[in-house]
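Asks: Dropping the structure in here first, questions after.
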Amino acid sequence: MAALDWDGWTLHVAKLARLREQEDIAQWIDVAAGPDAIVAINASFTVHTSTRPASLAAELRNRGFRRGEKMEAKGGGRHRIEVSLAAAFVQLFQVKPTRSLRGLLPRLPVSELRGIPADQLDAVLCAYLAAHWWFWGRARNDVLGDSKTGYIVVPQRHTPESKLADLREEYKGEPFDESHLDADPMLQFQKWFSEARTAAIHEPNAMTLATAAKDGQPSARIVLLKDVKENNFVFYTNYGSRKGRELAANPRAALVYYWPELGRQVRITGRVKKTTRAESERYFHTRPRGAQLGAWASRQSSIIADRGTLERRTQKLDAKYAGKPIPLPPDWGGYRLYPDSIEFWQGRLNRLHDRLRYMKERGGRWKIERLAP
Ligand SMILES: Cc1cc2nc3c(=O)[nH]c(=O)nc-3n(C[C@H](O)[C@H](O)[C@H](O)COP(=O)(O)O)c2cc1C
């Protein structure tokens, strides 16, 4: 048997045990399973003992678990789950809902699996599977069986053969309405950004930057957000690059974030201004030496003969600046994007998403409007 604990974004193996008697199992659950635990029971559900011939399921029900008939009505609720491995089914029991876990994926660090005895690894993986079910529900799992026989939960996999048109997610974010909004969109952004960081999203600061050439042709690419001030977003790049040239001709730009684990998107439009050279210098010198050399070696967006050209140039620069600080290249630096609109998009069920947009009015006030999804 295995109990996994949930700390907000990762599952941890909390307790492992080899128990046969129903009484022992029930007691162990009392001790091992806090309100946030996911428990795998590596034994049949109906364990008859001399003292108490009731089924373990009934025993668990007495201890506050509810049978899995309610599993469709999961909503945003919290589940305590037992997994019966021997019977190869998963039983779910609903406990009181909590709202603190929205948008987070159950992750089980591989390092925790090392050192677990082989005969208990199954129980851990089974509990993990239950967590997968608990988080994704039917949207991402095939569920076989019923509440009488129990359930087999099989996580769906999207194979390369599956049709592109069939790739779709159900977004199950919590309601996001006007009452949740800060009057200042930058503070609202900071809030969502910090939630994206807490959710351990990989590179939450990666954003799509769209620019447009003078003739109206748009182009987009990913850049990294490096700072947020009270009224602007900062990123760094090469001023001679395609984006740099486009921004010189047309300072209007757009930024887009997508944080899939939270089912959220943020869209920003505005105008850019270059950071001062002193600011760019300060940031440039925080970059690793290799990245500093790279900024000198690469005339970003220009055509080069081959990779060797780039590597030889970097080697030369490496030798030139050996033991010395690397100066800021003249065509490298930052931009601040000053927003005139920011839209917060929260994915919801059935594509009825929440979209709330701030528009800057004359005088600098922000007007908030809801848009149809
Ligand atoms: C995750 C990620 C982060 C990136 N961050 C930056 C960045 O901060 N600055 C930058 O100039 N390019 C960054 N790039 C590279 C750009 O996407 C792009 O290739 C490059 O800036 C040239 O774009 P351009 O030719 O349109 O100017 C990043 C790419 C990725 C995938």
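Asks: Has region 211-221 got at least one residue that is modelled with pLDDT of 95 or more and surrounded by 17 or more Cβ atoms within 10 Å (Cβ to Cβ)?
Replies: For region 211-221, residues modelled with pLDDT of 95 or more and surrounded by 17 or more Cβ atoms within 10 Å (Cβ to Cβ): present.
Asks: What is the residue count in region 296-318 for residues that are hydrophobic (A, V, I, L, M, F, W, C) and without any contact (Cβ under 8 Å) to a residue 12 or more places away in the chain? Full working, then the answer.
Replies: We begin by selecting, within region 296-318, every residue hydrophobic (A, V, I, L, M, F, W, C); these are 296-297, 303-305, 310, 317.
The next check asks that each one be without any contact (Cβ under 8 Å) to a residue 12 or more places away in the chain; those that pass are 303-305.
Count: 3.
Asks: E261: under 21 Å from Q346 (Cα atoms), out of contact with any His (no Cβ under 6 Å at 6 or more places or on another chain) and within 11 Å of the ligand (Cβ to nearest atom), yes or no?
Replies: no
Asks: Can you pull out the residues in region 301-339 that are buried (at least 17 other Cβ atoms within 10 Å of the Cβ) and of a type in the set (A, V, I, L, M)?
Replies: Residues satisfying the conditions are L317, I326, L328, L337.
Asks: Out of (1) among the aliphatic types (A, V, I, L, M); (2) outside the structural domain of K229 (by TED's automatic domain parsing); (3) out of contact with any Pro (no Cβ under 9 Å at 6 or more places or on another chain); (4) under 26 Å from E203 (Cα atoms), what's the single condition that is false for A322?
Replies: With respect to (1) among the aliphatic types (A, V, I, L, M); (2) outside the structural domain of K229 (by TED's automatic domain parsing); (3) out of contact with any Pro (no Cβ under 9 Å at 6 or more places or on another chain); (4) under 26 Å from E203 (Cα atoms), A322 is out only on (4).
Asks: Moving to a separate point now. Based on what the data block shows, is K229 surrounded by fewer than 11 Cβ atoms within 10 Å (Cβ to Cβ), at pLDDT 85 or above, away from the ligand (no atom under 16 Å from the Cβ) and basic (K, R)?
Replies: So K229 fits the description; yes.
Asks: Looking at region 285-309, which of the residues that are charged (D, E, K, R) and within 13 Å of the ligand (Cβ to nearest atom) is nearest to D331 (Cα to Cα)? I'd like the intermediate steps shown before the answer.
Replies: Filtering region 285-309 down to residues charged (D, E, K, R) leaves 287, 289, 299, 306-307.
Of the ones still in play, those that are also within 13 Å of the ligand (Cβ to nearest atom) are 287, 299.
On the way: R287: 16, R299: 9 Å.
Per the stated criteria, the residue is R299.
Asks: Consider region 177-222. How many of its residues are within 11 Å of the ligand (Cβ to nearest atom), outside any loop (DSSP other than H, G, I, E, B) and in contact with a helix residue (DSSP H, G or I) (Cβ under 8 Å, 6 or more places away or on another chain)?
Replies: 4
One line per residue, one yes/no per condition, for (1) of a type in the set (V, I, T); (2) within 14 Å of the ligand (Cβ to nearest atom); (3) crowded, with 16+ Cβ neighbours inside 10 Å; (4) closer than 30 Å to E343 by Cβ:
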| site | (1), (2), (3), (4) |
| --- | --- |
| R252 | no, no, no, yes |
| I268 | yes, no, yes, yes |
| V272 | yes, yes, yes, yes |
| Y283 | no, yes, yes, yes |
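Asks: Another question about this same structure. Please identify the pairs in which a residue from region 319-344 that is over 30 Å from V266 (Cα atoms) has its Cβ atom under 7 Å from the Cβ atom of a residue that is polar (S, T, N, Q), counting only partners at least 6 apart or on another chain.
Replies: Note: pairs meeting the criteria are I326/Q292; L328/S280.
Asks: Six or more apart or on different chains, Cβ atoms under 7 Å: show the pairs whose first residue is in region 209-234 and closer than 15 Å to A248 by Cα and not assigned by TED's automatic domain parsing to the domain that holds L337 and whose second is within 15 Å of the ligand (Cβ to nearest atom) and part of a strand (DSSP E or B).
Replies: none
Asks: Looking at A118 and the list (1) of a type in the set (A, V, I, L, M); (2) surrounded by 14 or more Cβ atoms within 10 Å (Cβ to Cβ); (3) modelled with pLDDT of 70 or more, which single condition is not satisfied?
Replies: (2)
Asks: Taking the condition under 30 Å from L187 (Cβ atoms) and within 13 Å of the ligand (Cβ to nearest atom), does L247 pass?
Replies: Answer is yes for this residue.
Asks: For S298, indicate whether it is within 29 Å of N232 (Cα to Cα), surrounded by fewer than 18 Cβ atoms within 10 Å (Cβ to Cβ) and outside the structural domain of N205 (by TED's automatic domain parsing).
Replies: Spelling it out, S298 is indeed within 29 Å of N232 (Cα to Cα), surrounded by fewer than 18 Cβ atoms within 10 Å (Cβ to Cβ) and outside the structural domain of N205 (by TED's automatic domain parsing).
Asks: State yes or no: is K172 among the basic types (K, R), at pLDDT below 95, not in a strand (DSSP E or B) and not assigned by TED's automatic domain parsing to the domain that holds R348?
Replies: yes
Asks: Right, something else. Report yes if Y151 is modelled with pLDDT under 75 and not in a loop (DSSP other than H, G, I, E, B), otherwise no. Walk me through how you get there before you give the answer.
Replies: Numbers: modelled with pLDDT under 75: yes; not in a loop (DSSP other than H, G, I, E, B): yes.
Considered against the rule, which asks whether it is modelled with pLDDT under 75 and not in a loop (DSSP other than H, G, I, E, B), Y151 comes out as yes.
Asks: Now, a different point. List pairs: first in region 269-295 and not assigned by TED's automatic domain parsing to the domain that holds R252, second assigned to a helix (DSSP H, G or I) and among the β-branched types (V, I, T), Cβ under 7 Å, 6+ apart or cross-chain?
Replies: L293/T314; G294/T314
The values are calculated or read from the model by the stated rules, or taken from the named source; none is laboratory data. This structure is a prediction, so every number in the text was calculated from the model and none was measured. With ideal geometry, Cβ positions are generated from the backbone for all residues, glycine too; neighbour counts draw on all protein chains shown.
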